[in-house]
């Protein structure tokens with residue numbers, strides 16, 4: 001019986017190979033090879049490209065531990081990732097709920113399109129639009145002063161909130177989409193059953209809907225948290241001097257300082273930390289899901 | 001426990017009148033079936049009683065208390081859904097405990113009540129299972145236990161046996177009836193299965209196009225239907241149409257059919273007579289004239305043998321009549337044979353034309 005099923009799965013794999021191959025060949029060429037090169041670089045004293053002499057070293061990794069700045073920035077980035085993820089849940093989950101359970105037909109399609117729209121706009125354009133809105137004398141400042149009877153100064157540009165706003169805007173569609181998919185799969189009669197048993201809408205949400213949509217929340221959180229921790233574009237443009245994070249430091253190594261080995265080493269430390277966090281969180285999340 | 005009164009309830013969805021001035025009185029402790037074809041409004045009516053939807057007009061009261069604007073969670077009802085609607089993220093025991101737990105009952109109370117409810121549906125040992133580990137019939141029982149553990153005033157069932165196979169459905173019918181008797185709860189049961197309605201309920205309400213066609217005990221509706229629809233939807237009936245003679249009708253070809261039951265109508269009006277297939281005697285002897293009996297001649301066009309009975313289709317003046325004969329060992333009639341049909345006026349119901 002066991003042997004039989006093993007044969008079945010092996011022949012299943014063989015027939016699936018032509019379907020799997022393109023994706024895996026592409027991943028190997030486009031991601032695995034360059035990444036391997038980066039692993040290699042991260043153990044070098046200098047790039048071999050400029051013809052300068054080089055040697056293998058652990059110094060790039062040691063640099064992370066010898067200078068407290070890197071750890072401080074990493075912690076700041078992790079906090080940023082956590083905050084952005086939380087805001088995405090706070091903003092994205094209710095939107096997903098309304099899309100999946102309240103709206104029907106044309107209005108659902110229209111609202112859905114609005115959620116997807118950030119995906120289709122260029123990232124830089126998106127961020128610079130926020131710069132126009134958030135700076136002193138910008139759109140938000142002018143609009144608020146036009147409405148409010150007293151004078152206030154809104155200058156969020158080059159601040160931590162500006163970075164959060166920009167990142168949340170970029171990443172909230174992931175949360176809406178993943179939550180929408182799990183919420184949509186929940187049978188409406190479960191909500192009705194809960195209410196027929198005397199539960200308020202809030203109790204049904206807490207005890208039935210949220211537990212059942214946990215897989216979507218977890219997937220959305222993972223999709224958002226990981227790239228936000230390494231993000232550099234939004235912190236640099238919207239954060240200015242306050243926008244120095246782990247991601248911007250890595251970017252500096254590649255673009256400004258031209259110290260690829262250190263940049264690569266810092267990237268892999270980030271990858272390791274993120275993997276450890278996900279590994280620690282996964283049993284908890286799996287139980288919740 | 002309480003009775004339910006529905007008075008003049010109407011509900012429209014856009015231009016569609018789902019419920020049109022429906023009034024029905026569900027007495028305390030009774031077992032009611034709401035029967036009708038799909039789109040007849042029976043589920044809409046159940047949802048009004050449950051409180052998932054509010055009527056446009058009319059009144060609904062449970063135990064004398066007006067509830068037509070009270071939301072479902074405050075109505076203290078128990079409901080069993082067609083697809084069971086068990087919470088997949090909870091164990092069987094937690095599913096059953098849900099209603100008590102949201103009400104904030106003490107843990108010990110919940111545990112005893114849940115066990116009692118599970119014992120009642122004979123699933124006492126399965127509290128730790130997950131819904132997906134249960135069979136359809138077991139899920140049905142869990143759904144029932146969950147609905148009654150909160151001691152609701154009324155139990156509402158929305159085609160609860162629709163998803164079960166035939167044998168299991170019969171078991172569950174008996175089981176459901178036993179449990180209902182045991183706790184004595186007013187039960188309203190939506191179904192499109194006429195046999196289910198007949199066997200299970202104390203009273204049946206037949207709905208069609210949002211209107212209550214007839215309401216009463218199963219025997220009364222079956223023996224004295226007040227419309228052609230009620231006659232043909234609940235059971236089978238041969239329908240004859242003609243002009244009333246006061247105590248029967250005269251068919252177009254002049255044949256008189258005497259009716260012993262049903263409406264009293266002024267002579268000359270259009271009317272129908274309904275006769276159940278099992279009330280008709282079929283034979284070959286034209287000789288003996290029975291002056292009391294209705295008599296028609298015809299020809300057997302088809303016979304369907306079903307073991308304990310046979311159904312004969314008899315052609316007569318362009319109409320196909322259905323006759324069911326119990327298998328008593330008597331000679332069976334062949335297809336193509338000329339036959340005489342006889343039945344008593346008492347078996348004939350006069351129905352006003354609509």
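Just to confirm my numbers, what's the Cα centroid distance between region B:301-327 and region A:28-80 in Å?
So the separation of the two Cα centres works out to 90 Å.
If I take R0 = 51 Å and measure r between the Cβ atoms of residue B:151 and residue A:281 in this structure, what FRET efficiency does the formula 1/(1 + (r/R0)^6) give, to the nearest 0.05? Numbers along the way, then the final one.
Numbers: r = 42 Å, r/R0 = 0.83.
According to the calculation, E is roughly 0.75.
Rounded to two decimal places and with Rh computed the Kirkwood way over Cα pairs, what is Rg over Rh for chain B? Could you put the intermediate results ahead of the total?
Working: Rg = 24.4 Å, Rh = 22.8 Å.
When Rh is taken as the Kirkwood radius, the ratio is 1.07.
Ratio to report: Rg/Rh of region A:200-241, with Cα atoms as the point set and Rh obtained by the Kirkwood method; give two decimals. Could you put the intermediate results ahead of the total?
Details: Rg = 16.5 Å, Rh = 12.7 Å.
When Rh is taken as the Kirkwood radius, the ratio is 1.30.
Provide the gained length on full extension for the span residue A:271 to residue A:128, in nm with one decimal, where the gain is 0.36 nm per separating residue minus the Cα-Cα distance.
On the way: separation 143, 0.36 × 143 = 51.48 nm, distance 2.85 nm.
Result: 48.6 nm gained on full extension.
Once the Cα atoms of region A:156-289 are picked out, what are the Rg and Dmax in Å?
Rg, Dmax (Cα atoms, Å): 19.6, 65.
Just subtract the alpha-carbon distance of residue A:49 and residue A:14 from 0.36 nm times their residue separation and send over the number in nm, one decimal.
On the way: separation 35, 0.36 × 35 = 12.60 nm, distance 4.19 nm.
Gain on extension, residue A:49 to residue A:14, equals 8.4 nm.
Can you give the FRET efficiency to the nearest 0.05 for residue A:153 and residue A:185, using r as the Cβ-Cβ distance and R₀ = 60 Å?
Numbers: r = 47 Å, r/R0 = 0.79.
FRET efficiency, residue A:153 to residue A:185: 0.80.
Could you rank the peptides B:80-90, A:34-44, A:161-171 by their average count of other C-beta atoms within 10 Å per residue, with the highest value first?
Listed from highest to lowest mean packing, they are A:161-171, B:80-90, A:34-44.
Given points 7 Å out from each Cα along the Cα-Cβ axis, report the residue A:202 to residue A:119 separation in nanometres with one decimal.
Here the modelled spin labels are 3.4 nm apart.
Percent of alpha carbon pairs in chain A separated by more than 29 Å? Kindly include the intermediate steps, with their values, before the conclusion.
Values: 22188 of 41616 pairs.
Of all Cα-Cα pairs in chain A, 53 percent lie more than 29 Å apart.
Would you tell me the mean number of C-beta atoms belonging to other protein chains that fall within 10 Å of each C-beta in A:137-144, as a whole number? Mind dumping the intermediate values first?
Values: counts 0, 0, 0, 0, 0, 0, 0, 0.
The per-residue average across the peptide is 0.
Expressed as a whole percent, how much of the Cα-Cα distance distribution for region A:156-232 exceeds 15 Å? Write down the numbers at each step before the final one.
Working: 1861 of 2926 pairs.
Looking at region A:156-232, the distances longer than 15 Å represent 64 percent of pairs.
Residues in region B:295-314, backbone N under 20 Å from the label point at residue B:247 (7 Å along the Cα-to-beta-carbon vector): list them, ranges by number please.
B:295-296
Taking the DSSP beta bridges in chain B as the whole, what percent of them are antiparallel, to the nearest 5?
Values: 58 of 78 bridges.
Rounded to the nearest five, the antiparallel share is 75 percent.
Once you put a point 7 Å from the Cα of residue A:28 and another 7 Å from the Cα of residue B:330, both along the Cβ direction, what distance in nm separates them?
With each label point 7 Å from Cα toward Cβ, the separation is 8.5 nm.
Applying 1/(1 + (r/R0)^6) with R0 = 30 Å to the Cβ-Cβ distance of residue A:145 and residue A:112, what FRET efficiency is obtained, to the nearest 0.05? Walk me through the numbers before you get to the answer.
Numbers: r = 34 Å, r/R0 = 1.14.
Approximately 0.30, to the nearest 0.05.
Which number do you get for Rg(Cα) / (2.2 N^0.38 Å) in region B:84-132? Could you put the intermediate results ahead of the total?
On the way: Rg = 10.2 Å, N = 49, 2.2 N^0.38 = 9.7 Å.
The reported ratio for this selection is 1.06.
Between Rg and the Kirkwood Rh of region B:236-352, both from Cα atoms, what is the Rg to Rh ratio?
Details: Rg = 14.3 Å, Rh = 14.6 Å.
Here Rg/Rh amounts to 0.98.
What number, in percent, do you get for the relative contact order of region A:231-289 if the mean sequence gap of Cα pairs under 8 Å and at least 6 apart is divided by its residue count?
So the answer I get is 20 percent.
Fewest to most neighbouring Cβ within 10 Å: what's the order for A:186, A:152?
Values: A:186 18, A:152 8.
Exposure proxy ranking, most exposed first: A:152, A:186.
With the Cα gyration tensor of region B:114-194 giving a ≥ b ≥ c as the square roots of its eigenvalues, does the rule (a/c under 1.5 for rounded; else a/b larger than b/c for prolate; else oblate) give rounded, prolate or oblate?
Values: a/c = 1.77, a/b = 1.10, b/c = 1.60.
Cα axes put region B:114-194 in the oblate bin.
Cut-off is 10 Å between beta-carbons; in what order do A:101, A:151 appear when sorted fewest neighbours first?
On the way: A:101 15, A:151 7.
Fewest-to-most ranking of A:101, A:151: A:151, A:101.
Give the average, rounded to an integer, of partner chain Cβ atoms located within 10 angstrom of each Cβ in B:79-89. Don't skip to the end; give the middle numbers.
Working: counts 6, 2, 6, 1, 4, 3, 9, 3, 9, 6, 10.
Going residue by residue through B:79-89 and averaging, the value is 5.
State the antiparallel share, in %, of DSSP beta bridges confined to the protein assembly as shown, rounding to the nearest 5. Provide the component values of the computation, followed by the final result.
Details: 59 of 79 bridges.
Around 75 percent antiparallel, to the nearest 5.
With a ≥ b ≥ c the root eigenvalues of the C-alpha gyration tensor of region A:1-151, is it rounded (a/c under 1.5), prolate (a/b larger than b/c) or oblate?
Working: a/c = 2.50, a/b = 1.21, b/c = 2.06.
Cα axes put region A:1-151 in the oblate bin.
How far apart, in nm, are two points set 7 Å out from the Cα along the Cα-to-Cβ line at residue A:102 and at residue B:305?
6.6
Step by step: find N for region A:95-168, compute 2.2 N^0.38 Å, then divide the Cα radius of gyration by it. What's the final number? Intermediate results must be reported in sequence, preceding the final value.
Values: Rg = 16.1 Å, N = 74, 2.2 N^0.38 = 11.3 Å.
Working it through for region A:95-168, the quotient is 1.42.
Which order do B:301, B:38 fall in if you start with the one that has the fewest other Cβ atoms within 10 Å? Show your work: numbers first, answer last.
Values: B:301 15, B:38 7.
Ordered from fewest to most neighbouring Cβ atoms within 10 Å, B:301, B:38 come out as B:38, B:301.
Given a cut-off of under 8 Å on Cα pairs at least six residues apart, what relative contact order in percent is computed for chain A?
RCO, chain A: 25 percent.
Can you give me the relative contact order of chain B as a percent, contacts being Cα pairs under 8 Å and 6 or more apart?
Working: 769 pairs, mean separation 58.3, N = 354.
For chain B, the relative contact order is 16 percent.
Work the Kirkwood hydrodynamic radius out for the protein assembly as shown: mean of 1/r over every pair of different alpha-carbon atoms, inverted, in Å. It would help to have the intermediate numbers written out before the result.
Details: mean 1/r = 0.0316 Å⁻¹.
About 31.6 Å, per the Kirkwood formula over Cα pairs.
Please give the average number of partner chain Cβ atoms lying within 10 Å of the Cβ of each residue in B:202-215, rounded to a whole number. It would help to have the intermediate numbers written out before the result.
Values: counts 0, 0, 0, 0, 0, 0, 0, 0, 0, 0, 0, 0, 0, 0.
Counting Cβ atoms of other protein chains within 10 Å of each residue's Cβ and averaging gives 0.
Bear in mind that the values in this text are calculations on the coordinates, not laboratory data. Small disclaimer: the values here were computed from a predicted structure and weren't measured. As a convention, Cβ positions derive from the backbone with ideal geometry for all residues, glycine included, and neighbour counts pool all protein chains shown.
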